[in-house]
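One structure is given here, and the rest of the page talks about it.
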Amino acid sequence: MLDNGSMDVPEISVEWYRDVIDAAAASPEPVQWFVGHATEGVILLLGALLLMAALSRRSGGPHDRALALIAPVPTLLAYAGSEWFKTVVDEDRPCRTVGRAIIAGACPPPGDWSFPSNHATLAGALAVTTLLLSRRLGLIALPLAAFGAFSRVFVGLHYPHDVIAGVLFGALVAVVATPLLARPAGEVLRRRAERADSTVPKLASRSRP
């Protein structure tokens, strides 16, 4: 184990990190450039897929419209949870403790903790929420999320266990929170629709001579 902040990092994760970083350093410059930029861009793509999945549900019944309405919330909850975990675990970044250069950008400053990966958490939550709303778009989002998580190790900002934990945590929050939030939201929308339907006949009867 590597003593890293207040957390002992598993040696196998350190070894995998070194293997990935070595492979990244030996990769062609176009590959390094692509992954370095894609590591941020993947989150934007996943957000766009979630938006498309939510819009596809807007024309359905109350439950479908509720899913569209609460679609961003599981991701926000997952992100908040990952930020809380960071303050509890206090694991330092591998680009400081292992001493390997990163492919893109600079190593985050001390206090910007590594476990779990926020990017991986967002990727997991966005991809699974998208899958729950649209199977077709979800099957595109899942490999994108996996690539986005891997890219955080490739550029040297996280250990493998950081991104694995992040993806799993984000996915878990999405699986649990999406139906829990959609159920009461759907019930509210259903009641509103019923009230609106009952109002129309009354207005029609009053307008008759």
Condition check: within 20 Å of Pro10 (Cα to Cα), at pLDDT below 95, open to solvent by 20 Å² or more (accessible area, probe 1.4 Å) and in a helix (DSSP H, G or I). Does Phe150 satisfy that? yes
For the subset of the range 24-37 comprising residues that are open to solvent by less than 90 Å² (accessible area, probe 1.4 Å), free of Cβ contacts under 8 Å to residues at least 40 places away in the same chain and in a helix (DSSP H, G or I), which member is nearest to Cys95 (Cα to Cα)? Ala26
Out of Arg135, Arg192, which single residue is open to solvent by 70 Å² or more (accessible area, probe 1.4 Å) and modelled with pLDDT under 90? Arg192
Looking at Arg96, is it in contact with a Cys (Cβ under 7 Å, 6 or more places away or on another chain) and either modelled with pLDDT under 90 or open to solvent by 20 Å² or more (accessible area, probe 1.4 Å) (or both)? yes
Would you check if Leu126 is on the phi < 0 side of the Ramachandran plot, assigned to a helix (DSSP H, G or I), open to solvent by 40 Å² or more (accessible area, probe 1.4 Å) and at pLDDT 85 or above? no
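The values are calculated or read from the model by the stated rules, or taken from the named source; none is laboratory data. Just so you know, these numbers come straight off a predicted model, no measurement behind them. In this analysis, Cβ positions are derived from the backbone assuming ideal geometry, glycine residues included, and neighbour counts consider all displayed protein chains. For the accessible areas, the whole protein counts, side chains as well, though only heavy atoms, and no ligand, DNA or RNA atoms are used. Shrake-Rupley method; radii C 1.70, N 1.55, O 1.52, S 1.80 Å.
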